[in-house]
Amino acid sequence: MDIVGEVRAFNRFYTREIRLLDAHLPESSLSLPDARVVYELAKNDNLTAADLGRRLDMDKAHLSRILARLRTAGLVEASVDPRHAKQRLLAPTEEGRRVFQKLDRGTQAYLERLLSSVEGDAQARLVSAMHEIEQIMTSNRASREPRLRSLQPGDLGWVTHRQAVLYHREYGWDWTYEGLVAEILGKFAATYDPAREDAWVAERNGVIAGSVFLMKSDDPAVAKLRLLYVEPWARGSCLGRKLVATCISRATELGYRSLTLWTNDVLASARRIYQGAGFRLVGENKHRSFGHDLTGQTWVLDLPAAH
């Protein structure tokens, strides 16, 4: 079976049937990409451009052009984030909401007309087939590439446990390292500031594959990258680089001028990730920790000014 040919044929049929190739969507002056942006902004409050790009998995330059076009048309506006003056929050204008509501009603009416000839069991079969396509496509994608999500209950305990277990197995570190991680994450939870901090857990097929934390420091211009780790089975997939890049991007968005981290020189794989991301080594110190003589290292990355 020519599976690629079959998928392409179905795509041609489906895009024609639901009019995705039209210059504008039903009852609207908006193209499909423009409508997707307006939809996300109408359904979600307080999104930055970066938040929007992640939700839509859209190229940054492409999204910037769409937002500029929508602002010129008076459909989208930006306001200063009261929690952080350097961030801009996007929202539909009153005209933008009116256009969206008209589009939403038009799309609903068109699909109702399209499906009016589908009756009885055929409706259930159609919905079941769509669910099956979605499940197959997302499960295959999930098996290849972990997704990043925000913290959920139980994550801090899991990260503490897994880091302690892995570093004991791989480097012989004793239980005092677990105490350090518990102390760091306990303070993070107790003093968490969403305007200055963030965290990401990588997950594949419901199983945690790694994590990283962005934490504030005593200096409001300096953030800390802390507790990066990747499960052994997920290594070699660029997940560590993805976690670090996400942390760097968020620190830039929040207006930090630099990002610092502390590690030990025995963690060679992590050090290569930091070097590849542009961090520079600014200091080393010998210390006795976790039952071993170690060399601690401080790395710093200068961040560009947020736009």
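The values are calculated or read from the model by the stated rules, or taken from the named source; none is laboratory data. From a predicted model like this one, the values you see are computed outputs, not experimental measurements. Counting neighbours? That spans all protein chains shown, and the Cβs are built from the backbone with ideal geometry, glycine included. Remember, those area values only see protein heavy atoms, side chains included, never the ligands or the DNA or RNA. Shrake-Rupley method; radii C 1.70, N 1.55, O 1.52, S 1.80 Å.
Identify all aspartates and glutamates with a Cα-Cα distance to residue 216 below 12 Å; exclude those on the same chain that are fewer than 8 residues away in sequence.
Residue 216 reaches 193, 197, 198.
Which distance in nm do the two modelled labels at residue 95 and residue 175 give, with both placed 7 Å along the Cα-to-Cβ direction?
6.7 nm
Take the stretch 61-220, compute every pairwise Cα distance, and split them into 5 Å bins from 0; I just need the percent in each bin.
All Cα pairs considered, the percentages come to 1, 7, 9, 10, 10, 11, 13, 13, 9, 7, 5, 3, 1, 0.
Quick one: work out the % antiparallel among DSSP beta bridges in the stretch 183-290, nearest 5.
80 percent
Quickly work out the residue 137-to-residue 7 label distance, labels modelled 7 Å from Cα along the C-beta direction, and quote it in nm with one decimal.
The two pseudo-label positions are separated by 0.9 nm.
Determine the percent antiparallel among the DSSP beta bridges restricted to the chain, to the nearest 5.
Among the beta bridges of the chain, antiparallel pairing accounts for roughly 95 percent.
Consider a paramagnetic label point 7 Å from the Cα of residue 298 along Cα→Cβ; state which residues of the stretch 208-226 have an amide N under 18 Å from it.
Within reach of a label on residue 298: 215-226.
Just grab the label-to-label distance for residue 218 and residue 285, each label 7 Å out from Cα along the Cβ direction, in nm (one decimal).
Using points 7 Å along Cα→Cβ, the separation is 1.2 nm.
Take peptides 195-203, 54-62, 179-187 and line them up by average Cβ neighbours within 10 Å, highest first, as a rough protection proxy.
195-203, 179-187, 54-62
How much of the accessible area of the chain, probe 1.4 Å, is carbon plus sulfur, in whole percent?
The nonpolar share, carbon plus sulfur, comes to 53 percent.
Given R₀ = 41 Å, FRET efficiency for residue 31-residue 272 by Cβ-Cβ distance, to 0.05?
Once rounded, the FRET efficiency stands at 0.45.
Quick one: grab Rg to one decimal and Dmax as a whole number for the stretch 153-197, Cα atoms only, in Å.
Rg, Dmax (Cα atoms, Å): 11.9, 37.
Find the Cα radius of gyration of the stretch 56-130, compare it with 2.2 N^0.38 Å by division, and give the number to two decimals.
In units of the globular-protein estimate, the stretch 56-130 measures up at 1.65.
May I ask you to derive the FRET efficiency for residue 69 and residue 46 from their Cβ-Cβ distance with R0 = 22 Å, giving the value to the nearest 0.05?
For R0 = 22 Å, the calculated efficiency reads 0.50.
With Rg and the Kirkwood Rh both taken from Cα atoms, where does Rg over Rh land for the stretch 266-307?
That ratio equals 1.10.
Cα-Cα over 23 Å: which of 43/102; 224/286; 187/224; 43/224; 60/242?
43/224
Let me know the whole percent of all Cα-Cα pairs from the chain that are separated by more than 34 Å.
Across the chain, Cα pairs with separations above 34 Å total 39 percent.
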